[in-house]
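S.K.: Next up is a structure, given as structure tokens.
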Amino acid sequence: MPSIVVDNISFSYGRGDVLSSLSFRAEGSCHISILGSNGSGKSTLVRLIDGLLPLRRGDILVNGISVKDEKSIREIRESIAIIFQDPDSQFVSPVLEEDTAFGPENYEMENIDQIVSRSLSAVSLSDFRKRVPQTLSGGEKERAQIAGALAVNPDIVLLDESFSMLDDDGRKEMDALVGDIWKERLIISITHSADQAINSDRVILLSGGKLIADGSPREVLCSVSLLRKADVRPPFAVRVRESLKERGISIPPVLTTGELKEVLWNFR
Amino acid sequence: MELIGAYKPGTSPLHRMDNTARIVSFSMLFAAFLIASGSILGYVFSVAVLLVLYRTGSIPIRPVLHSMKRFRMFFITIFLMNAFFQPSENPFFSWWILTFSIDGIMFGLRMVLSVILLTSLAALLTAVATPLEITDGLRTLLHPLSFLHIPVDQASSIISIAISFIPVLAAEGENITLSALSRGAFPGGRKLKDKAMSLIPLTVPLFLSAFRRADELSFAMEARGYNGSIKRRVKLSFGLNEAVSVFISLSILIAAILLKGVSIVGS
């Protein structure tokens, strides 16, 4: 069972702590959103989990292995796939199939051709395997990134503001694809948008590098005061409910637009 | 105006070729053009081959030739260098190390024609293949050198990453320029110094952006377990199209060698 244990970590780039006394545990097949405004330490946390930044205070265990153990860092990275924000900054090979094979080659996996074919097929890019990645469209580039991550068959998937360069429909499509491909994996999404965290199983709210809430989307995202404290805009339905409340109209708590529609429909 | 070296997307057989097979074919064609140069028959042969190749690649040749006007000073220099330094028994005049003769003029013209033919062939290669595809082809071709511990993979990775970043940085440079213009910056005056000074505010953000991207790329590569010592797979998709192309190129090379032989025997 994939697991990440973040144990009282603090991290600084030199001036003040970016992350401060942060602890949480994530395990099993679930989707966790780490929500926070810009500068709340979300991306730093992703880099620390993958051992991309040196951790000095506290510890992080990935599948029981400490990221401080330099000898095991390869094992940790093999079990984690990260999809960063800007796909153009992540392509390393001139041909898509080679870019997809980059991870499996680094981990010296076998049957790389089959792995590449399977991965590209899973994201409907089989016909694009000979293409130069930079010439793909925005959505295709994101799918190419997913194929590269899929190829290493990770236990844990970290999405660091991935797909944020797409429009709403494109992002929803990618979220659905990720949910479909990795339903048996531990997925951790980093986001600054509360609306994007609605469909996860659990939301961890960061503010100024500290954990200020950890619970179900309904517990965290319906709490306007908590979100304001973290400088995060509440989800659309929650904002509408707040506006109505300010005008003296009270409706039951809602989280999704579907629920809001239902409540407004029955409001008459 | 058409740019020599610009990639033109398409679906022609030359576009669809395997990257390595394309480099092999074009290398043979370059060799054929070099061998065939020197005789009128050889030039006619090379021009005919070039026209057929442009037609096969669905690339119009007229704009390419038109854009060569910009290199006229270069061609004139090549002509003069060869026309005045070619030794001859019947010169029009001779002074110091300079000799001007009909042989020199003919030699100069032949050199200019050869350069135009080779440039046109190179323009065709860059029109049907992106820089990354060319790099990929070269990497596969040079792969055997990695067994001699020559870091072909690392070198080609560096080159292909650098090439792939050019359009990204060019787009960012354009955005930075537009942003500066929208905030009241004016392009420098006519003097070179003024122009250079006006570039400074654009250079700093562009460098910062390049460093940020390099940082992101290094994180992405490390996250995917990058290991410089790994020998990368080399995959050659050698189908019928590639076999036919290499065969035709080889035939052209042999024909050029035969033509050269005929012209030597004839003279």
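Just so it is clear, none of the values below were taken in a lab; they were calculated from the coordinates. Because the structure is predicted, anything quoted here is derived from the model rather than measured. When we count neighbours, we look across all protein chains shown, and the Cβ atoms used for this are built from the backbone with ideal geometry, even at glycine.
S.K.: Please find, in a Gaussian network model of chain B (springs between Cα atoms separated by less than 10 Å), the residue of B:Ala36, B:Ala21, B:Ala180 whose mean-square fluctuation is greatest.
M.R.: Judging by the Gaussian network model, the answer is B:Ala180.
S.K.: Name the residue, out of A:Gly209, A:Gly51, A:Gly64, whose mean-square fluctuation peaks in a Gaussian network model built on chain A with Cα pairs under 10 Å.
M.R.: Result for chain A, Cα springs under 10 Å: A:Gly64 fluctuates most.
S.K.: Suppose every K and R has +1 on its Cβ and every D and E has -1 on its Cβ; what is the size of the dipole of the protein assembly as shown about the Cα centre, in Debye to the nearest 20?
M.R.: Working: 55 positive and 54 negative charges, 312 e Å.
Computed about the Cα centre, the dipole is about 1500 debye.
S.K.: Sticking with this structure for a sec: What's the average, rounded to a whole number, of partner chain beta-carbon atoms within 10 Å of each residue's beta-carbon in A:126-134?
M.R.: 3
S.K.: Also: Quick check: residue separation of B:Leu250 and B:Lys191 times 0.36 nm, minus the Cα distance between them. What number comes out in nm?
M.R.: 16.0 nm
S.K.: Right, next: Per residue of A:92-102, what is the mean number of Cβ atoms on other protein chains within 10 angstrom of that residue's Cβ?
M.R.: Going residue by residue through A:92-102 and averaging, the value is 6.
S.K.: Label 7 Å along Cα→Cβ of A:Ser23; the range A:215-256 residues with amide nitrogen under 20 Å?
M.R.: Backbone N within reach: A:215-216.
S.K.: Give me the Kirkwood hydrodynamic radius of chain A, using the inverse of the mean 1/r over all pairs of distinct Cα atoms, in Å to one decimal. Don't skip to the answer; put the middle values down first.
M.R.: Details: mean 1/r = 0.0509 Å⁻¹.
Averaging 1/r across every pair of different Cα atoms and inverting gives 19.6 Å.
S.K.: Once phi is turned into θ = phi - 60°, what whole-Hz ³J(HN,Hα) does the Karplus curve with 6.51, -1.76 and 1.60 give for every residue of the range A:186-200, x standing for Gly and Pro?
M.R.: 8, 10, 10, 9, 9, 8, 10, 9, 5, 4, 6, 8, 4, 7, 7
S.K.: May I ask you to evaluate 6.51 cos²θ - 1.76 cosθ + 1.60, the Karplus curve with θ = phi - 60°, for each residue of the range B:69-81 and list the ³J(HN,Hα) values in order in whole Hz, giving x for glycine and proline?
M.R.: Residue by residue, the range B:69-81 yields 4, 5, 9, 4, 5, 5, 5, 4, 4, 4, 4, 5, 4 Hz.
S.K.: Now for a different question. How much FRET efficiency would the formula 1/(1 + (r/R0)^6) give for B:Glu174 and B:Ser58, where r is the Cβ-Cβ distance and R0 is 45 Å, rounded to 0.05? Intermediate results must be reported in sequence, preceding the final value.
M.R.: Numbers: r = 29 Å, r/R0 = 0.64.
So, using R0 = 45 Å, E works out to roughly 0.95.
S.K.: Here is a follow-up. From the phi angles alone, apply the Karplus equation (6.51, -1.76, 1.60; θ = phi - 60°) to the range A:126-135 and give each ³J(HN,Hα) in whole Hz, x where the residue is Gly or Pro.
M.R.: 4, 6, 10, 4, 9, 7, 6, x, 5, 8
S.K.: Set the Förster distance to 56 Å, then compute FRET efficiency between B:Phe84 and B:Ile230 from the Cβ-Cβ distance, nearest 0.05. Walk me through the numbers before you get to the answer.
M.R.: Working: r = 55 Å, r/R0 = 0.98.
For B:Phe84 and B:Ile230, the calculated efficiency is 0.55.
S.K.: Enter the mean number of other protein chain beta carbons within 10 Å of the beta carbon of each residue in A:27-39, as an integer.
M.R.: Mean number of neighbouring Cβ atoms from other chains: 0.
S.K.: If packing is taken as the average count of other Cβ atoms within 10 Å, what order do B:166-177, A:235-246, A:133-144 fall into, highest mean first? The partial results should precede the final answer.
M.R.: On the way: B:166-177: 14.4, A:235-246: 16.8, A:133-144: 19.1.
Per-residue Cβ counts within 10 Å, averaged per peptide and sorted highest first, yield A:133-144, A:235-246, B:166-177.
S.K.: Turning to a different aspect of this structure: Which order do peptides A:253-260, B:82-89 fall in by mean Cβ count within 10 Å, highest first?
M.R.: Working: A:253-260: 16.6, B:82-89: 15.1.
So the peptides A:253-260, B:82-89, ranked by packing, come out A:253-260, B:82-89.
S.K.: So what's the projected area for the protein assembly as shown, the Cα convex hull averaged over all directions, in nm²?
M.R.: 35.5 nm²
S.K.: If you take the charge dipole of the protein assembly as shown about its Cα centre, with +1 on Lys and Arg Cβ and -1 on Asp and Glu Cβ, which of A:Phe11, B:Leu51, A:Pro235 is farthest toward its positive end?
M.R.: Working it through, the farthest residue towards the positive pole turns out to be B:Leu51.
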